[in-house]
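S.K.: Quick one: the structure is below, and I'll ask about it shortly.
The values are calculated or read from the model by the stated rules, or taken from the named source; none is laboratory data. No experiment lies behind these values; they were computed from the predicted model shown. With ideal geometry, Cβ positions are generated from the backbone for all residues, glycine too; neighbour counts draw on all protein chains shown.
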Amino acid sequence: MSSKSIQHEPLDSAQSVELERGRLNSLINSMGDGVIALDKKLNVIITNGAALNILDVNSPLIGKKIESALFLLDNDDHPLNVHKLIRETKTHSSSREWKLKLSDGEIVNLYTSIAPVQPGYGKEEMDGYVLILRDITREKSLEDERDEFISVVSHELRTPMTIAEGNVSNALYIFKNSGVVNESVQAALNETHKQILYLSDMMNDLAMLSRAERGKLSAKPESINAHVLVEELASSYKPEIESKGLKLKTEIDPKLQVLKSSRLYVKEILQNFITNSIKYTKKGSVTIGAKQKSDAGINFYITDTGIGITKSDQAKLFHKFFRSEDYRTRETSGTGLGLYITLKLSKLVNAKIDVDSHLNKGSTFTVFIPNLDEE
Ligand code: ADP
């Protein structure tokens, strides 16, 4: 019996190019993310359905200049120069902070990725760009709701926590002075007090974290008198420092100039370093200092003569929830969030942190706070 096979006509090269192009088109069109390809002059050469949906247009935009098709806003709703932005992209970059303004005025939160297309290995010049767009409005509003929830909850819990802390510490005081000796009651009260303090630290950290994570809270520069700030911090921490038997020192450069930054953030950053220096120092001193660094800004530093930090721990200090394994760290309560938040806050004010620490000798945390431009 002879078998019949179906004979295909061989495709000529034009047909196979057409077939390939069709395949590529349907592939790009079935992508969930918006794709826009641009030529060297930033004219649109390809768009897919998802891109047109996001941009809310019906025509494929082919041949249009990208700046006439894509209106991006920054975090503060200021228009971005899309042409310049794309031109200056030398390697792949992406952002979740930009927004898209539609022709009817509606604003959409966007994930935007910009990738230059290189013609071939080792070739320097660009062959165009590919943009990927994703509407993340819903994700963003969930993030905002989460942050709002955390800040409301932590705010509401602050009052009962303060009352509980006050009462337990009163009870402890009365019990100690009552002449009654009952070690288990004393231990229970001590433990309750310690846990309430831990809870309130945790609530404060969460509130600060949610504030720091709302990147939107762009720091508004104010005029800060750094001399007064250091003295205020010193006098508010003096009782705690002295009650631990430590000495408080301040070193204030007489040449300090007025600093332009966010007072709230600078204060929170310094407070985190100061509370740590007190917590991780058993004897010696805590120094709070400020030194003018040209006209660019001020170097604040907190030095302690405490337990110090090993080189390997120094690399992890700013990680979320990191706490050293050192038993002396574990003797104190802490969330491991303080320095993580400090780093986030310092990014909001363009600050730079340096750590210099030696085990069993002490640590210095220096933070350079630059003068921010006023808008
Ligand atoms: P927490 O103090 O709540 O544990 P932090 O994020 O503020 O969290 O600090 C992370 C860790 O870094 C601490 O647990 C401690 O191990 C270490 N650390 C921070 N500051 C100091 C310091 N001044 N001296 C020694 N260790 C420190």
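S.K.: Filter the range 270-285 down to the residues that are farther than 21 Å from residue 208 by Cβ and either surrounded by 17 or more Cβ atoms within 10 Å (Cβ to Cβ) or within 12 Å of the ligand (Cβ to nearest atom) (or both) and list them by number. So that I can check it myself, show each step before the final result.
M.R.: The initial filter retains those residues of the range 270-285 that are farther than 21 Å from residue 208 by Cβ, namely 281-285.
Once the filter is applied, which keeps residues that are farther than 21 Å from residue 208 by Cβ and either surrounded by 17 or more Cβ atoms within 10 Å (Cβ to Cβ) or within 12 Å of the ligand (Cβ to nearest atom) (or both), the range 270-285 yields 281, 282, 284.
S.K.: Do you know which residues across the range 249-269 are within 16 Å of the ligand (Cβ to nearest atom) and more than 19 Å from residue 223 (Cβ to Cβ)?
M.R.: The one that is within 16 Å of the ligand (Cβ to nearest atom) and more than 19 Å from residue 223 (Cβ to Cβ): 249.
S.K.: Which one of 229, 206 is touching a strand residue (DSSP E or B) at 6+ places or on another chain (Cβ under 9 Å) and under 30 Å from residue 248 (Cα atoms)?
M.R.: Going through 229, 206 in turn, the sole match is 229.
S.K.: Also, quick follow-up: Name every residue in the range 32-49 that is at pLDDT 95 or above and assigned to a helix (DSSP H, G or I), in order of residue number.
M.R.: none
S.K.: Let me ask another. Across the range 261-277, what is the number of residues that are at pLDDT 95 or above and more than 16 Å from residue 230 (Cβ to Cβ)?
M.R.: Adding up the residues that qualify gives 1.
S.K.: In the range 295-314, is there at least one residue being free of Cβ contacts under 8 Å to residues at least 24 places away in the same chain, near the ligand (Cβ under 8 Å from one of its atoms) and more than 27 Å from residue 196 (Cα to Cα)? First the steps, then the outcome.
M.R.: To start, the set of residues in the range 295-314 that are free of Cβ contacts under 8 Å to residues at least 24 places away in the same chain comprises 311-313.
With the extra rule that they be near the ligand (Cβ under 8 Å from one of its atoms), the set shrinks to 313.
Still in the list and also more than 27 Å from residue 196 (Cα to Cα): 313.
Yes, the conditions are met somewhere in the range 295-314.
S.K.: Filter the range 311-355 for residues that are more than 17 Å from residue 210 (Cα to Cα) and under 12 Å from the mean Cα position of the chain (by Cα) and give the result. Break it down stepwise before answering.
M.R.: Step one: of the range 311-355, the residues more than 17 Å from residue 210 (Cα to Cα) are 311-317, 322-334, 350-355.
Passing the criteria: only 350.
S.K.: Follow-up question, since we're still on this one. Applying the selection to the range 340-375, what residues are in contact with a helix residue (DSSP H, G or I) (Cβ under 7 Å, 6 or more places away or on another chain) and at pLDDT below 95?
M.R.: Listed by number, the residues that qualify are 341, 342, 344, 345, 346, 348, 349.
S.K.: Out of the residues in the range 321-354 meeting the condition of being under 22 Å from residue 292 (Cβ atoms) and surrounded by fewer than 16 Cβ atoms within 10 Å (Cβ to Cβ), tell me which one is nearest to the ligand (Cβ to nearest atom).
M.R.: 354
S.K.: Sort through 213, 183, 165, 191 and tell me the only one that's closer than 24 Å to residue 274 by Cα and modelled with pLDDT of 85 or more. Give the steps one after another, and end with the answer.
M.R.: Working: 213 fails: modelled with pLDDT of 85 or more; 183 fails: closer than 24 Å to residue 274 by Cα; 191 fails: closer than 24 Å to residue 274 by Cα.
The conditions single out 165.
S.K.: Would you be able to tell me the number of residues in the range 252-276 that are assigned to a strand (DSSP E or B) and without any contact (Cβ under 8 Å) to a residue 40 or more places away in the chain?
M.R.: So the first thing to find is which residues in the range 252-276 are assigned to a strand (DSSP E or B), and the list is 252, 259-261.
When the remaining residues are screened for being without any contact (Cβ under 8 Å) to a residue 40 or more places away in the chain, the result is 252.
Summing the residues that are assigned to a strand (DSSP E or B) and without any contact (Cβ under 8 Å) to a residue 40 or more places away in the chain in the range 252-276 gives 1.
S.K.: Another one. Can you tell me how many residues in the range 84-111 are of a type in the set (Phe, Trp, Tyr) and assigned to a loop (DSSP other than H, G, I, E, B)?
M.R.: Of the range 84-111, the ones of a type in the set (Phe, Trp, Tyr) are 98, 111.
Filter again for assigned to a loop (DSSP other than H, G, I, E, B), leaving 98.
Of the residues in that region, 1 qualify.
S.K.: Right, another one. With the requirement that a residue be surrounded by fewer than 13 Cβ atoms within 10 Å (Cβ to Cβ), modelled with pLDDT of 90 or more and under 20 Å from residue 44 (Cα atoms), what does the range 98-135 give you?
M.R.: Correct list: empty.
S.K.: Okay, next question. Determine which single condition residue 95 fails, assuming it passes every other condition in (1) surrounded by fewer than 19 Cβ atoms within 10 Å (Cβ to Cβ); (2) out of contact with any Ser or Thr (no Cβ under 6 Å at 6 or more places or on another chain).
M.R.: (2)
S.K.: Looking at 203, 161, which is the one that is within 16 Å of the ligand (Cβ to nearest atom) and part of a helix (DSSP H, G or I)?
M.R.: Numbers: 161 fails: within 16 Å of the ligand (Cβ to nearest atom).
From the options 203, 161, the qualifying one is 203.
S.K.: So, one more: Only residues that are over 40 Å from the mean Cα position of the chain (by Cα) and in a helix (DSSP H, G or I): list them for the range 173-200, please. Spell out the reasoning first.
M.R.: Filtering the range 173-200 for residues over 40 Å from the mean Cα position of the chain (by Cα) gives 173-186.
173, 174, 175, 176, 177, 183, 184, 185, 186, listed by residue number.
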